[in-house]
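Okay, so here's the structure we're looking at.
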Amino acid sequence: MSGSTIIFYMLAALTLVSGLLAVTTRQIFRAAIFLLFSLIGIAGLFFWMQYDFIAAVQIVVYVGGITVLIIFSIFLTQQAGDLLPKQKIGRQVFSVLAAFCGFALVMVQLYQHSFNTTTDQAVEPLVANIGNQMLGVGDSGFALPFEVVSILLLAALIGCIVIAAPFYVPKGGEQNPTSKTASA
Amino acid sequence: MMEPGLNHLLFVSTAVFFIGVYGFFTRRNLVTMLMSIELILNSVNINFIAFNKYLWPHKMDGLFFSIFVIAVAAAEAAVAIAIIINLYRNHQSIDVEQAEEMKF
């Protein structure tokens, strides 16, 4: 057994175990930390597949961005030391059953299907190749989706400010009565 | 243990997906539901990259799809957290059972 195999199994175990703990623990802050380790494991899997750029993006965006955002929102909305309420046993049984049945169905399909591999010359996923194709306007360029995503990010930015702004003062200088009570 | 290949990666991604589905079914707190959604989106990314590496190594389409998925997921998480903060300001709670004013 080679070192690469051992590393793969370790990364897979890290991802799955910490993901499972993230959805089952009753302390919400620990759930966020386990989610962090699960995302790091997934970034490790990308490194293992030698897709360095996507692994770096995963670490920067998910581990450094989204998880920190989630931890901040936990600090803003939860009392320290609170446990999440226990779920009804019926709902838990149903959820385990639904998730397991879906998993079994996908696995059965997966092992009955044989994938066709190609013998064409592989393209190295270098950053230069990625950048050229990402901004290319030619046959296989992704310039249009790139621009669409930039509009989406702008819309999300404005939407976040509008939704989370504490209260809204109209032009007359008088506060909106509903938002006044909400901000009090 | 076998040499890991495409099927192993697909097993991992399927397992992460259904862990996320389980969390989404059982959790009743909006922040933890958002965490489950992040797990689901990440399993899709593993799938895209694995298929790109093992089945279509002469193209990079899977890699671009996962970059766009990450961008959309970041936007989605930011908007979702803005909504959660707003909901907490109005209800002093982010439990989905207590935010049912628009139910009827």
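Can you tell me which of A:Val57, A:Val68, A:Val137 moves the most in a GNM of chain A? Springs connect C-alpha atoms under 10 Å apart. Among A:Val57, A:Val68, A:Val137, the largest GNM mean-square fluctuation belongs to A:Val137.
Where in region A:103-168 are there chymotrypsin sites (Phe, Trp or Tyr not before Pro) that are in a DSSP coil and have at most 16 other Cβ atoms within 10 angstrom of their Cβ? Could the numbers behind the result be given before it?
Values: sites: A:Phe103, A:Tyr111, A:Phe115, A:Phe142, A:Phe146, A:Phe167, A:Tyr168; in loops: A:Phe115, A:Phe142, A:Phe167, A:Tyr168.
Counting only loop positions with at most 16 other Cβ atoms within 10 Å, the chymotrypsin sites (Phe, Trp or Tyr not before Pro) in region A:103-168 are A:Phe115, A:Phe167, A:Tyr168.
Comparing mean-square fluctuations of A:Ala122, A:Ala13, A:Ala55 from a GNM of chain A with C-alpha springs under 10 Å, the top value falls on A:Ala122. Other residues with beta-carbon under 14 Å from the beta-carbon of B:Leu39 carry, at +1 per Lys or Arg and -1 per Asp or Glu, a net charge of -1. Decide, for the protein assembly as shown, between rounded, prolate and oblate: order the square roots of the alpha carbon gyration tensor eigenvalues as a ≥ b ≥ c, take rounded if a/c falls under 1.5, and otherwise choose prolate if a/b is larger than b/c, else oblate. Oblate. Enumerate the residues in region B:10-41 having an amide nitrogen under 13 Å from the point lying 7 Å beyond the Cα of A:Asp82 toward its Cβ. Answer for this model: B:28-32. Using only side-chain charges placed at the Cβ, +1 for Lys and Arg and -1 for Asp and Glu, the dipole size of the protein assembly as shown relative to its Cα centre rounds to 880 debye.
For peptide B:54-63, how many partner chain Cβ atoms fall within 10 Å of a residue's Cβ, on average?
On the way: counts 4, 4, 5, 9, 6, 6, 11, 3, 3, 11.
Neighbouring Cβ atoms belonging to other protein chains average 6 per residue here.
Computed over the alpha-carbon atoms, chain B gives an Rg to Rh ratio of 1.12, Rh here being the Kirkwood radius from the mean inverse distance.
Counted without the sites themselves, the longest stretch of chain A free of trypsin sites (Lys or Arg not before Pro) in a DSSP loop having at most 11 other beta carbon atoms within 10 Å is A:1-85. Counting Cα-Cα pairs of region A:1-155 in 10 Å increments starting at 0 gives whole-percent bin shares of 9, 21, 32, 27, 10, 2. Computed from the Cβ-Cβ distance with R0 of 45 Å, the FRET efficiency linking A:Leu105 to A:Ala165 stands at 0.50.
Per-residue extension of 0.36 nm, minus the Cα-Cα distance of A:Leu97 and A:Gln112, leaves a gain of 3.1 nm for this segment.
All of the numbers you see were taken from the coordinates with simple rules; none came from a lab. What you see is a predicted model, and the numbers here were worked out from it, not measured in a lab. Here the Cβ is made from the backbone with ideal geometry for all residues, glycine too, and neighbour counts use every protein chain on show.
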